[in-house]
Amino acid sequence: MSEMNLQPVARRPHLAEHIARSLSEEIASGRLRPGDRLPTEQFLSQNFGVSRNVVREGIATLRAQGLIQSRQGVGVFVAAPSPSAQPVSASPRASEPMLDGDNTVRNMFEVRAVLESQAAALAASHMTPRKLKMIQAAVLRMQYEGEPTLETVNADLDFHRAVAAASGNDYLETMIRTVLEPMRALITMNFARRGPMFSNIPHAARGEHEELVQALVDRNATAARQIMGQHIVAAASRFGYEINFY
């Protein structure tokens, strides 16, 4: 037998190392800035196509490097530079107090999951061609070329308002509108994020809206409730909040 020419197999980078490196590049580029909340483990595991245990290992590496910090019961945030590296005139970003406070935003997502899933179920039961046309129009307006705009954000909110209106319950619609409007700034900030980790967020949201539209077309109240609830869970995950929908 002739001698085989065997070459050593190049070792693929460890998955957790890849995640840690990708996140550190997002921080170094400024796409993730001090005080920013990281997306949830669920979002990152789906984005990278790995298990949540691998994500935890990658995050642990960044924590050991001092690039991120965990806040008990709140989330994981990009750490601020050491005091010696900060200019004297540096002032906190406007978003920091909101992200550094209690669970207000998390609570709002949990309320949305409850209210909007019920609204979706009622909308499926009471769907009419006119109501469906308004909902579909909002989904179409979420299309964009280049980068998402304020119109993309408006279309996203209009979609949820249209579903609430289609429920036929005025009290439910009013409560959903009350919860939605304060989230406009957060949605705008998230849709504006660039880079491979965040650029698909508006498209993902639109895709989830399209799934709900199909349930509404089918007048499937059970499916509409589940799809809307999971959509809110996914949206919360993209913002860095992990909630449950039962």
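Hey, what did the chain get for relative contact order, percent, Cα under 8 Å, at least 6 apart?
Relative contact order comes out at 26 percent.
What distance in nm separates the simple spin-label points at ALA60 and ARG184, each placed 7 Å from Cα in the Cβ direction?
In this crude label model, ALA60 to ARG184 measures out at 4.4 nm.
More than 30 Å apart: what percent of Cα pairs in the chain qualify?
35
Pick from ALA166, ALA120, ALA80 the residue whose mean-square fluctuation is largest in a GNM of the chain, springs joining Cα atoms under 10 Å.
Of ALA166, ALA120, ALA80, the Gaussian network model singles out ALA80 as fluctuating most.
Please sort 151-163, 209-221 by packing, taking for each peptide the average over its residues of neighbouring beta carbons within 10 angstrom, highest first. Write out the running numbers ahead of the final one.
Details: 151-163: 20.8, 209-221: 17.4.
Ranking the peptides 151-163, 209-221 by packing returns 151-163, 209-221.
Please report, in whole Å, how far the alpha carbons of region 104-239 spread along each principal axis, starting with the longest.
If we take the Cα atoms of region 104-239, the spans are 40, 32, 21 Å.
Hey, in the GNM for the chain with a 10 angstrom Cα cutoff, which one of GLN136, GLN42, GLN72 fluctuates hardest?
GLN72
Read-outs: derived from the displayed coordinates by stated rules, not from any lab. Values in this document were obtained by computation on a predicted structure and should not be read as measured data. Using ideal geometry, Cβ is built from the backbone for each residue, glycine included, and neighbour counts are taken over all protein chains shown.
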